[in-house]
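**Student:** Handing you a structure now.
The values are calculated or read from the model by the stated rules, or taken from the named source; none is laboratory data. Owing to the predicted nature of the structure, the values given are computational and were not obtained by experimental measurement. Glycine also receives a Cβ, built like all others from the backbone with ideal geometry; neighbour counts cover every protein chain displayed. Keep in mind that these areas ignore ligands, DNA and RNA; they rest on the heavy atoms of the full protein, side chains included. Shrake-Rupley method; radii C 1.70, N 1.55, O 1.52, S 1.80 Å.
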Amino acid sequence: MSDQPDVADWILYAWFACAALSTAYVAWDNFVRKNPEETVMKWGWVLITLYLGPVGAALYVVTDKESAPGTHEQFIRPLWKQGVGSTVHCVAGDATGIIVAASVTATLGYAMPIDFIVEYLAGFGVGLLIFQSLFMKDMLGTSYLGAIRATFVPEWLSMNMMASGMFPTMALLMMGRDMQPSEPLFWAVMSLGVMVGFTTAYPVNVWMVARDMKHGLMTRRPADGAQHRASHAHGEHRMRWDVTRPQLTAVATLTTLVLVASTVLSTQKVNVSLGANDVGGAMKEEHA
């Protein structure tokens with residue numbers, strides 16, 4: 001068998017090239033042209049575009065790129081754009097943790113149940129401890145531990161919904177195919193998984209922004225160093241949740257059930273008990 005790339009590989013390489021160019025554009029517009037966005041969101045956009053390619057760049061242009069000088073605050077105000085920003089902040093951290101963990105577990109040949117556990121913990125850990133708490137503690141006006149307490153529940157809800165899209169995508173497309181990080185198809189599945197996860201995480205992020213549980217897009221003007229959260233209601237960074245305990249319990253239960261159901265159902269047609277190292281290239285799907 002030839003080791004030369006086939007047509008499908010070249011299509012994937014073309015996508016990766018588009019993703020690289022898109023990421024370069026988003027980074028240039030944020031850090032060189034200085035789009036007046038908060039720094040943590042700039043890095044969030046760079047990572048999201050790295051994973052989503054032109055889709056990420058398009059989202060950036062229509063939701064966060066200042067269309068004319070001095071218009072950023074008004075441009076990002078709509079709730080649907082704030083929801084996109086909140087999802088970007090979540091998925092940038094969560095997906096990074098999941099992708100790094102998936103690369104390690106795939107190389108080691110772990111079975112899918114172990115993969116999912118490690119990837120969930122890694123995604124949640126990177127999202128909570130770095131993107132939420134570490135990068136947000138000054139903005140929230142609290143300590144690192146205080147930021148962890150303040151962002152734990154919103155990050156958990158968002159992570160559940162993000163994983164409920166990404167995990168089934170990975171299970172259905174990877175199991176039985178012995179994919180390794182050295183193959184372009186592995187990274188294509190990761191990209192598609194992030195895209196699906198972003199979509200499933202978006203509704204709960206819109207809900208949390210509307211309830212002041214999470215921030216969305218922001219504006220930072222270098223002239224005065226001030227930070228402004230442009231939302232549908234007001235511009236405070238110190239979150240004061242507008243949600244009742246029964247509402248929070250209902251949403252937490254729903255996101256947990258969606259995560260469990262989507263993951264379990266997606267693994268019914270594949271053998272999740274074996275890792276690639278157990279049977280090598282002979283790993284096949286088990287059809288009911």
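**Student:** Give me the pairs: first residue in the stretch 42-68 and more than 19 Å from residue 17 (Cβ to Cβ), second residue open to solvent by 40 Å² or more (accessible area, probe 1.4 Å), beta-carbon distance under 6 Å, and six or more apart or on different chains, which are they?
**Tutor:** What qualifies is 67/75.
**Student:** If I ask for residues that are in a helix (DSSP H, G or I) and of a type outside the set (Ser, Thr, Tyr), which ones from the stretch 33-53 would you list?
**Tutor:** Across the stretch 33-53, the qualifying residues are 40, 41, 42, 43, 44, 45, 46, 47, 48, 50, 52.
**Student:** Mind counting the residues in the stretch 33-61 that are touching a Lys or Arg at 6+ places or on another chain (Cβ under 8 Å) and not acidic (Asp, Glu)?
**Tutor:** 3
**Student:** May I ask you to say which residue of 113, 168 is modelled with pLDDT under 95 and closer than 26 Å to residue 57 by Cα?
**Tutor:** Answer to the selection: 168.
**Student:** Taking the condition open to solvent by less than 70 Å² (accessible area, probe 1.4 Å), modelled with pLDDT of 90 or more, in contact with a helix residue (DSSP H, G or I) (Cβ under 6 Å, 6 or more places away or on another chain) and closer than 16 Å to residue 87 by Cβ, does residue 189 pass?
**Tutor:** no
**Student:** Here's another thing I want to ask about it. Considering only the stretch 130-185, state which residues are open to solvent by 40 Å² or more (accessible area, probe 1.4 Å) and over 30 Å from residue 111 (Cα atoms).
**Tutor:** 134, 135, 137, 138, 141, 142, 143, 144, 145, 149, 150
**Student:** Being in contact with a Gly (Cβ under 6 Å, 6 or more places away or on another chain) and β-branched (Val, Ile, Thr) is the filter; apply it to the stretch 94-129 and report the residue that is least open to solvent (accessible area, probe 1.4 Å).
**Tutor:** Here the answer is 98.
**Student:** Which residue out of 134, 128, 157 is of a type outside the set (Gly, Ala, Ser), part of a helix (DSSP H, G or I) and out of contact with any Phe, Trp or Tyr (no Cβ under 7 Å at 6 or more places or on another chain)?
**Tutor:** Checking each option against the conditions leaves just 157.
**Student:** In addition: Among the residues in the stretch 164-184, are any in a helix (DSSP H, G or I), aliphatic (A, V, I, L, M), under 24 Å from residue 247 (Cβ atoms) and touching a helix residue (DSSP H, G or I) at 6+ places or on another chain (Cβ under 6 Å)?
**Tutor:** No: zero hits.
**Student:** Residue pairs, Cβ under 8 Å, 6 or more apart or interchain, first in the stretch 99-112 and on the phi > 0 side of the Ramachandran plot, second hydrophobic (A, V, I, L, M, F, W, C) and open to solvent by less than 90 Å² (accessible area, probe 1.4 Å). List them.
**Tutor:** Pairs found: 109/276.
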